[in-house]
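The values are calculated or read from the model by the stated rules, or taken from the named source; none is laboratory data. Quick caveat: nothing in here was measured; it's all calculated off a predicted structure. Every residue, glycine as well, gets a Cβ built from its backbone with ideal geometry; the counts of neighbours run over all protein chains shown. Side chains included, ligands, DNA and RNA excluded: accessible areas come from the protein's heavy atoms. Shrake-Rupley method; radii C 1.70, N 1.55, O 1.52, S 1.80 Å.
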Amino acid sequence: MTSSLRESMELLNHLNIDANQSPYHGTSSMSLSPLNTSTEELMDYSEHQRSEMAVLNNLWYKEAIFYEVYVRAFCDIEGTGNGGLSGITNKLDYLHSLGVDCIWLLPIYPSPLKDDGYDVSDYCDIHPDYGNLNDFKILVKAVHERNMKIIADLIPNHCSEKHRWFQSARASRDSPYRDYFVWSDTPLKYKDARIIFLDVEQSNWTYDEMAGQYYWHRFYKEQPDLNFDNPKVQQEMLNILKFWLDLGIDGFRVDAVPYLFEREGTSCENLPETHEFLKVMRSFIDVNYPGRIILAEACQMPDEVRKYFGENGDEFHMGFHFPVMPRIYMSIMRENGDCLREIMEKTPEIPVKCQWVTFLRNHDELTLEMVTKEERKEMWEHYAPIPRMKINLGIRRRLAPLMNNDQRKIELAYSLLFTLPGSPIIYYGDEICMGDNIWLEDRHGVRTPMQWDDSYPNGGFSTSTKLYSPVIHDPEYGYERVNVAAAERDPSSLFNIIRQMIQRRRKHISFGHGSFKWVNSENPRVIAYMRICGIDRMLIVHNLSDKPQSATLQTHESLQAHYRNIGSANTSQELKTPKPPRRHHPSLGTEENDPNRTSDHFPSEGQFQDNSHVFHPHHPHFLSVTTSDDIQSHFLVDILTDRQLMVDFNGFVKVDLDPYQFYWFSMGEITTLGEGPKSRDLRRKSIFKPPSNLPQAVSNHSTTFSLKDMNLNIPEFHPHTVKSKIEE
Ligand code: GLC
């Protein structure tokens, strides 16, 4: 351990933190303005309950749907022309009804806004445009009352040139803050580091007249990098974490993590020193704020991001999977899933308590940093036909325009997002097919006001006559046509489709916790994969083409591969898995009598088991059944439409798909469980028994855990493709 890190560790001991603090202690101990609602008046939030496994292990983030909010754009209830924290509080029921579990706030701190808040001038306050700390406390409380979570951006790598640290540092070499930044007499140091904001910056060094030296910055020159070799800077960061965690925040999306340290002769990215500091940050959270999370923004290939989870899962809980994002677009553009398959094959296993985070769009350009030069050209030609659409190494457009506003393609993209490994993030406005304005500067074209209704002149966003940005009002994407109120009314709107996809996704533990196995399809336009967790097995099939397609899929190979691998997986992790109840198999008797079933897959004794011991590979029922009277084991049930298909005894299934159609099949014997043939709700009804010996800390999460029957009323699901067929 370096001396600076040792000092940081010592700091932890001096921060005077109450280690017994419960995760919500921070909020409950504050005096909060009462919300204008009582618990009874709140909606039924039970659908936001999480699996017992997630609750028991503080793994809520593995099952969560995230929603990225640009605070300025979301909702202005004060009439200032800027969205604010109170606007978000006001719209929480909307987010809840969509199915959002966790809100991610883009930077909320005071800032001169050169980089829209990523240039922080005070880490422990709220930007006056957005409200104040009390508004923040009210928001956090309201979020938790809805059994949701909230995280915010933390920007450790750099601050604003207007931050008092930098102002003092540049004024004198004797300033106590001089060493908070990286200075040099020459701009030639660290020349192997790439320039990120290529369109604007020519160098990572800028000369400061007052300081008489160059200072280092990886982004805009108005964002001087902090010097993490200085233990005081590390201490400042931990203090900042503590400040927000004490206010009840559930975690942070940590910005630009690869760049914290610089070393000559390297790219100054992903350095060992950076990982060492991040581990300190993590242990600080684990010790003092268990259940809170950190999410790494590291735009790198998966093997590099893997390192940010730490060897044993002791660094970040979550990490963005940047490379999969452009490949979702690429596979739809090419009508061929090979690029997706390749990147998934290059994606290493991650520790069992960690999770990838996936997204289709965010507040930045659709970055093409993680594809080859040729692929970038191909993507630009297809998705950025007008030069103005390009920015840096990416594209400044939103999801709907990128997909030509074809709802079938947008649903397909969301289906991929919701079924590939990882917790998905929805970017505000994309759920209602909002458009963009490429003529605005920088990345502002994808940060325009949220469109709530068709009211003149601001689409319900604000009553002000002077908005921070023009609202979109073109014939195709204007607020008159594209808005939340209209989307909520229309049962086949993207909003309602996404909502139902989320509800169904929530019932299958394999999406958040399961393994991923590619399924061979002889038709390249049809891609298929499995998500498997215990007996929850999902077979996901997508038609990437705008023509009807058929494919024959071989399911058994993938299942076999899964059960072969299970022996080596998760051996070092301590994950408590609730014991499923004993099940009765119609043709083979109880599972205890089944010679093919090893008891270690489903533990026989105790309420919970530690699955850290080694599994023995075996053939599950699904593979070993050979008699025709066990026909039910071979059913596939699409949980989106209830359509059923049969798998033959060799594991082959033939699927027919409409253009851009997709299926989420629940597989095999799960359909024999519970009440009736459908897979829905089986997870909670049949697989998990309510744990009786919940530790006290978990019982305290009364809002996140209830033993009541989960027989939810699910509205009919009519994806666009199905609906258009009905209309024909
Ligand atoms: C991250 C943010 C981006 C910002 C940059 C510098 O990449 O997503 O918006 O400009 O960091 O802070």
- Item | Linear extension gain, Glu342 paired with Asp192, 0.36 nm per residue minus alpha-carbon span | 51.1 nm
- Message: Give me the one-decimal nm value for the distance between modelled label points at Arg263 and Arg164, 7 Å along each residue's Cα-to-Cβ direction.
- Response: 3.5 nm
- Query: By average Cβ neighbour count within 10 Å, what is the ranking of 95-101, 187-193 from highest down?
  - Reply: 95-101, 187-193
- Message: Quick check: pseudo-label points 7 Å beyond the Cα along Cα→Cβ at Cys124 and Asn520, how many nm apart are they?
- Response: 6.1 nm
- Message: Using the Karplus curve 6.51 cos²θ - 1.76 cosθ + 1.60 with θ = phi - 60°, what ³J(HN,Hα) values do you get for each residue of the range 523-529, in whole Hz, with x for Gly and Pro?
- Response: 9, x, 7, 10, 10, 9, 8
- Please work out whether the range 218-317 counts as rounded, prolate or oblate from its C-alpha gyration tensor, where a ≥ b ≥ c are the square roots of the eigenvalues and a/c under 1.5 means rounded, while otherwise a/b larger than b/c means prolate and anything else oblate? oblate
- Item | Cα gyration tensor shape for the range 483-549, rounded if a/c is under 1.5, else prolate or oblate | oblate
- What pairs in Lys149/Lys373; Lys377/Lys409; Lys149/Lys390 have C-alpha atoms more than 32 Å from each other? Lys149/Lys373; Lys149/Lys390
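Can you work out the FRET efficiency for the pair Ser203 and Asp490, with r the C-beta to C-beta distance and R0 = 60 Å, to the nearest 0.05?
Here the calculated transfer efficiency is 0.75.
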- Tell me the label-point distance for the pair Lys654, Thr463, using the 7 Å Cα-to-Cβ offset, in nm and rounded to one decimal. 6.4 nm
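What percent do you get for the relative contact order of the range 90-232 when only Cα pairs under 8 Å and 6+ apart count?
21 percent
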- Query: Each residue of the range 71-78 in order: what ³J(HN,Hα) in whole Hz does its phi give by Karplus 6.51 cos²θ - 1.76 cosθ + 1.60, θ = phi - 60°, with x for Gly and Pro?
  - Reply: 4, 4, 9, 7, 7, 10, 9, 8
- Item | Three-way shape label, the range 316-419, alpha-carbon gyration tensor, a/c 1.5 | prolate
- Amide H neighbours of Phe359 under 5 Å, counting only residues 5+ apart in sequence or on other chains, H built in-plane at 1.01 Å? Ile425
- Note on the structure: Which of Lys162/Lys232; Lys353/Lys517; Lys162/Lys191; Lys62/Lys91; Lys137/Lys242 exceed 21 Å between C-alpha atoms? The answer is Lys162/Lys191; Lys62/Lys91
- Query: Glu441: accessible area at probe 1.4 Å, nearest 10 Å²?
  - Reply: 120 Å²
- Item | With DNA, RNA and ligands ignored, accessible area of Leu467 (1.4 Å probe; Å², nearest 10) | 40 Å²
- Kirkwood Rh in Å, taken over the range 248-405 so that all alpha-carbon pairs contribute: 17.0 Å
- Restricting the range 264-357 to trypsin sites (Lys or Arg not before Pro) in coil, as DSSP defines it, with at most 15 other Cβ within 10 Å: Lys346
- Query: Using a 1.4 angstrom probe and counting only protein chains, how large is the accessible area of Phe516 in Å², to 10?
  - Reply: 40 Å²
